[in-house]
Amino acid sequence: MRCLKDLILRMGGCIGINRSSSGTIENTSEVVTRPNSGNARKNHPLCHETIRWKSDVPLTDGQLRSKRDEFWDTAPAFDGRKEIWDALRAAATAAESQDFQLAQAILDGAIISVPNGFLTECYDELGNRYQVPVYCLSYPINIVKEASGRDSPVECSESSEGGTEVILKLRLSSTCSDVKLIVYSSDTIAIAKKKLQASTFRFDAIHEGIEPLSQRWFFGGKLLSDKMRIEEAKVTPGYVIQVIVNTLKDSS
């Protein structure tokens, strides 16, 4: 519960879906708009279901993440409030990790209403509408697996050039526990994620190494991108970095 409270942010967004007669949630295109039902301000609890969709052009995991980053980086420039977009991003990340309690807490904290129960048509307290493409909320059923395989914990333990040694305090959503990680100020977040994987691989037999692709790092209500360096994140000594861990297993 402590880590839940720490991650309540002020932000928001949505995407489009259709429900079949069998109850399966499917998307017919990458961006769908659900017509206004006439009661746009009515709010419903977030539905605990994953949206299934198929990409017109098959994407690799890396291509999907780049596409997501591009959307989240540019969406606030066109419409809506940045803090709401930030909240949507955090809520979408939590929901994709099946942490619906956290996702709901983020929406409630940012006063975002979800008329349809999905992150598909959302409104802030001023009545502004937010829409988000489906690729930001779940993986397509035709995702292309990359041949690179799992990174070696030994390989990724090497730091970048120079920099000052820094001890980060990380709070993992998978265990709600805190861990300390030694990195260098010149390391990127991507390198730090790999070091966390190596650390959990050595000391946590349960997780057997938390893969970088399963990690999302947040500090001060903002997502830390893989390309950002530790020194650029401006993490205050002693403060906690929230690490959202996607514990879903690949079913294929």
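The values are calculated or read from the model by the stated rules, or taken from the named source; none is laboratory data. Quick caveat, the model's predicted, so the values are computed rather than measured. All Cβ positions, glycine included, derive from the backbone under ideal geometry; neighbour counts span all protein chains shown. Calculation scope for accessible area: heavy atoms of the full protein, side chains included, ligands and nucleic acids excluded. Shrake-Rupley method; radii C 1.70, N 1.55, O 1.52, S 1.80 Å.
Only one entry in ALA91, ALA110 is touching a helix residue (DSSP H, G or I) at 6+ places or on another chain (Cβ under 7 Å) and within 23 Å of LEU213 (Cα to Cα), namely ALA91. Taking GLU70, is it acidic (Asp, Glu) and either modelled with pLDDT of 90 or more or closer than 17 Å to HIS48 by Cβ (or both)? It is false that GLU70 is acidic (Asp, Glu) and either modelled with pLDDT of 90 or more or closer than 17 Å to HIS48 by Cβ (or both). Considered as a group, the residues in segment 41-87 that are polar (S, T, N, Q) and over 14 Å from LEU107 (Cβ atoms) include one that is most open to solvent (accessible area, probe 1.4 Å), and that residue is GLN63.
Quick check on ILE143: is it β-branched (Val, Ile, Thr) and modelled with pLDDT of 90 or more? For ILE143, the condition - β-branched (Val, Ile, Thr) and modelled with pLDDT of 90 or more - is not met.
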